[in-house]
1. Estimate the FRET efficiency between Asp385 and Thr90 by the formula 1/(1 + (r/R0)^6), using the beta-carbon distance for r and 41 Å for R0, to the nearest 0.05.
2. Give me the dipole magnitude in Debye, nearest 20, for the range 1-117 about the Cα centre, with unit charges on the beta carbon: positive for Lys and Arg, negative for Asp and Glu.
3. Does anyone have the angle between helix 193-209 and the longest principal axis of the chain? Alpha-carbon axes, 0 to 90°, nearest 10?
4. If I model a spin label as a point 7 Å beyond the Cα along the Cα-Cβ vector, how far apart are those points for Gln339 and Ala260 in nm?
5. Measure nothing but the geometry: give the 0 to 90° angle between the long axis through the Cα atoms of 216-232 and the longest principal axis through the Cα atoms of the chain, rounded to 10°.
6. To test your reading of the geometry: what angle, between 0 and 90 degrees and rounded to tens, separates the Cα axis of helix 238-247 from the longest principal axis of the chain?
7. May I ask you to compute the full-extension gain from Asn159 to Trp187, defined as 0.36 nm times their residue separation minus their alpha-carbon distance, rounded to one decimal in nm?
8. Excluding Gln42 itself, what net charge comes from residues whose Cβ is under 9 Å from its Cβ, given Lys and Arg +1 and Asp and Glu -1?
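The values are calculated or read from the model by the stated rules, or taken from the named source; none is laboratory data. This structure is a prediction, so every number in the text was calculated from the model and none was measured. Every residue, glycine among them, receives a Cβ derived from its backbone with ideal geometry; neighbour counts consider all protein chains shown. Ligands, DNA and RNA are stripped out before the accessible areas are found, and what is left, the full protein with its side chains, is counted by its heavy atoms. Shrake-Rupley method; radii C 1.70, N 1.55, O 1.52, S 1.80 Å.
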Amino acid sequence: MISSVELRGVTVFSDLPDDQIEWFLSHVQEVDLLAGEAFVQQGDPAEWMYIFLEGLFQWRGEFGGDTVSLPAQAGEVSGVFPFSRMKRFTVTGRALTDGRLIRFPTAHFPELIQRMPELTTRLVGMMSDRIREGTRIEQQRDRLVSLGKLSAGLAHELNNPASAAKRAADQMRYMLTKMRRANFELWRHPVDDSDKARIEEVEASLLQAGVTQLDGLALSDLEESLGSILRGYGHADSWEMAAALARCNMTPDTLNSLLAHFDSSTARAALVRIGASAELSGLLSAVERSTARISELVRTVREYTYMDQAPVQNVDVERSLETTLGTLAHSLQRGIKVQREYEPVPLLVNTVGTELNQVWTNILENAIDAMPGGGELRVRTFREDHYVVVEIGDSGPGIPSEVKPYIFDPFFTTKGVGEGTGLGLNTVQTIVRKLGGTIQVSSKPGDTRFQVRLPWADPIEFLQTAR
């Protein structure tokens with residue numbers, strides 16, 4: 001049987017009066033455990049507070065799709081505390097070694113609060129610390145999940161232009177070889193300066209016009225026209241050459257003019273050179289577009305993370321929203337149309353830029369997730385008195401009335417296991433309140449709107465900061 005001396009070895013009981021210790025011990029149950037034996041199972045009614053006396057223990061449960069294990073040892077108090085709203089245990093408690101504990105029934109908490117106020121205060125403090133630590137861990141996990149989704153989306157967005165640039169580079173190598181061979185063949189023929197000038201003039205006109213991709217029917221018609229002309233001049237492989245010249249937008253008149261001026265072999269070499277030169281120009285343009293897109297994505301990431309910028313600054317809300325939308329571009333490709341309605345003049349908020357982006361990311365991701373089959377995402381900004389108002393709406397099915405009162409509660413989520421921690425909107429509310437703002441939600445089928453109000457920053461101060 002546990003003695004008062006042994007209980008005083010637990011820190012929270014060390015200096016309590018003897019009569020309180022005796023009363024507490026009169027209501028506890030002592031439990032001896034073998035290694036591996038569970039003292040409580042996940043789902044059991046939350047009816048006990050545990051004090052570990054000997055051995056090592058472990059709490060283990062599922063959170064957000066992950067298995068989490070928390071160690072416990074002799075001298076610690078755990079389980080249910082006074083004023084806790086826990087109804088059932090969400091974890092399983094197990095002894096890792098042979099051990100011993102006592103458990104105090106929650107049914108006696110009202111009396112404990114009256115008889116042992118100092119212990120109650122300490123237990124409530126421990127519960128607050130536990131909640132803070134749990135929230136910190138979940139918020140960190142939530143940030144990592146968001147980072148993972150952002151990284152996956154950006155990887156997809158970067159892969160497209162990178163692959164396009166790689167394909168263009170490979171084709172350029174082939175075209176350069178083709179052009180060198182055509183040049184070698186061309187200069188083997190008796191071509192005077194006026195002939196060279198004629199070839200270079202046609203080449204320059206096609207390069208100046210650029211390679212414009214015709215639609216399928218128009219391209220097919222042009223190929224047929226050019227192929228017919230080439231066949232008329234005796235070129236056996238007219239289909240391949242016609243296709244290359246059609247992609248360069250060579251007109252039938254230009255082709256007729258060249259074929260009529262040069263002999264068959266000279267004309268062929270000139271046409272191969274002209275086609276390869278024009279296609280090289282088009283491929284260079286493709287590389288430029290791809291690398292420009294990659295640079296744009298890198299710039300978006302830098303802006304989203306506020307890399308190399310002051311932690312707290314006046315942030316342009318429209319630019320912040322657009323940067324966040326840019327990082328979510330991959331998700332927006334699922335048939336979602338973005339409708340923008342921005343205030344004409346910059347609306348500024350003095351804040352940590354990354355925190356503001358986190359607010360928009362969480363709200364926008366929820367809106368996108370509410371429209372798995374596509375829909376309309378509406379983003380609106382305006383000024384109301386001394387506040388900047390950002391309204392983000394979606395055309396999803398809406399938030400059920402029985403769910404709406406709890407959406408800002410920590411750990412509340414309607415998503416499946418592993419899909420959400422339930423801290424997204426709670427984090428949003430925390431950041432918004434820290435900035436001196438408010439967040440409101442209205443919802444009906446086809447129209448859910450989150451309105452964030454934040455204190456407006458003085459634009460004169462913004463201009464001074466920007467100098």
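1. 0.40
2. That gives a dipole near 420 debye.
3. 30
4. Going from the Gln339 label point to the Ala260 one covers 5.8 nm.
5. 30
6. 60
7. Length gained, Asn159 through Trp187: 5.9 nm.
8. Summing Lys and Arg as +1 and Asp and Glu as -1 gives 0.
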